[in-house]
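Asks: I'd like to ask you about the structure that follows.
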Amino acid sequence: MSFIRTFHGDIDPDELGFTYSHEHIVCRPPYWVEKQVDDLLLDDKEKSQKDVMDFKKLGGQAIVDATAIDYGRDVHAVKEIANETGIKIIGTAGFNKSFLWTAAIPERLKKTTGNYDTFYEWIEDSSINELTDFVIKEIEEGLEGSGIPGGQVKFGTDYNRITPLEEKTLRAVARAHHETKAPIHSHTEAGTMALEQIELLKSEDINLEYMSFGHMDRNPDPFYHEKVAKTGAFLSFDGISKIKYAPESTRIHCILELVKKGFEDQILVSGDTARKSYYKHYDYGLGLENILGKWVPRFIEEANQKGFDGESLIEKFFIHNPKRCFTFKK
Ligand SMILES: [Zn+2]
């Protein structure tokens with residue numbers, strides 16, 4: 001039977017419901033702790049929970065927490081939020097990108113990562129097979145040994161390059177996918193290097209229908225998006241309302257271009273709300289309610305104006321596509 005793996009165990013994919021596909025809920029990234037960038041620390045469970053409740057009040061049902069071990073997630077706090085709000089959470093096994101790995105590994109993680117000082121030393125010293133085993137454990141035994149299982153595996157690459165250690169984690173994650181059948185997500189820095197990731201994934205025999213590429217809207221290039229979509233992969237438009245990168249019209253234009261070309265079943269939408277200043281209850285930001293409350297109506301209006309069926313596209317981006325994307329491969 002096919003299933004989606006949540007913090008509360010495996011569910012029937014039909015139960016997932018309205019889903020944000022890439023968010024961060026409670027985390028203290030060691031790299032940003034060291035750099036003392038407080039805005040990037042989502043470190044107050046109560047405040048994060050209020051934003052999750054806002055999402056629920058508008059009809060939200062599930063959130064993919066895209067935070068991997070090197071981004072300082074707080075698995076237990078997120079589980080409590082899932083318990084208290086009833087929102088289904090999908091957790092993330094694997095890794096983010098290499099520049100974060102200069103950070104020291106927090107004491108509490110050393111049980112899982114071995115006695116290395118930094119993430120860099122850990123990943124450099126481990127073989128691909130050892131990293132594969134680590135990722136498999138996070139899916140099958142729980143994130144950071146918590147017993148709370150991951151529901152997708154993740155790797156990431158840097159801006160316009162893939163470092164040797166990123167290639168190593170990509171291969172480890174690909175092999176963990178073959179073993180666990182978990183869906184795969186990738187971080188692309190500013191939306192770059194998806195096609196190069198695809199070449200490496202093909203060399204690991206990955207069926208790209210089990211892949212979702214993050215941050216595609218940071219590189220608002222319809223020709224590039226089409227190349228990615230043609231592989232069968234999902235494209236995650238997860239920078240909604242980050243006007244500092246591009247106006248909303250640009251993201252919506254790129255999405256509708258993909259729809260026009262027949263790829264509407266491969267689009268995911270989310271906010272990657274990873275700063276205090278983006279959260280409503282930390283710092284007066286737009287918050288987790290923003291996409292459901294404001295972006296969805298705007299998208300429907302604009303899509304309808306242009307002759308599309310906005311409502312049915314929204315159902316695809318937030319219900320049907322996440323349901324397929326996050327289902328474990330048979
Ligand atoms: Zn993210």
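The values are calculated or read from the model by the stated rules, or taken from the named source; none is laboratory data. The model shown is predicted, which means the values in this text are computed figures rather than measured ones. Backbone-built Cβ (ideal geometry, glycine too); neighbour counts: all protein chains shown. Side chains are part of the model used for accessible areas, which takes the heavy atoms of the whole protein and leaves out ligands, DNA and RNA. Shrake-Rupley method; radii C 1.70, N 1.55, O 1.52, S 1.80 Å.
Asks: Considering Lys280, Lys276, which residue is within 16 Å of the ligand (Cβ to nearest atom) and open to solvent by 10 Å² or more (accessible area, probe 1.4 Å)?
Replies: From the options Lys280, Lys276, the qualifying one is Lys276.
Asks: Test Ser2 against the criterion of being within 16 Å of the ligand (Cβ to nearest atom) and among the polar types (S, T, N, Q), and give yes or no.
Replies: no
Asks: Which ones in the stretch 114-130 are in contact with a strand residue (DSSP E or B) (Cβ under 9 Å, 6 or more places away or on another chain) and buried (at least 21 other Cβ atoms within 10 Å of the Cβ)?
Replies: Correct list: Phe119 only.
Asks: Moving on. When you go through Ile252, Ile291, Ile319, Ile314 one by one, which is the residue that is crowded, with 16+ Cβ neighbours inside 10 Å, more than 27 Å from Val153 (Cα to Cα) and out of contact with any Leu (no Cβ under 7 Å at 6 or more places or on another chain)?
Replies: None of the other options fit; the residue is Ile252.
Asks: What number goes with the only condition from (1) closer than 17 Å to Pro222 by Cα; (2) open to solvent by 20 Å² or more (accessible area, probe 1.4 Å) that Asn304 does not pass?
Replies: (1)
Asks: If you take just the strands (runs of 3 or more DSSP E) that sit entirely in the stretch 1-108, which of them hold at least 3 residues that are modelled with pLDDT of 95 or more and buried (at least 17 other Cβ atoms within 10 Å of the Cβ)?
Replies: Result: 4-6, 19-23, 62-65, 88-94.
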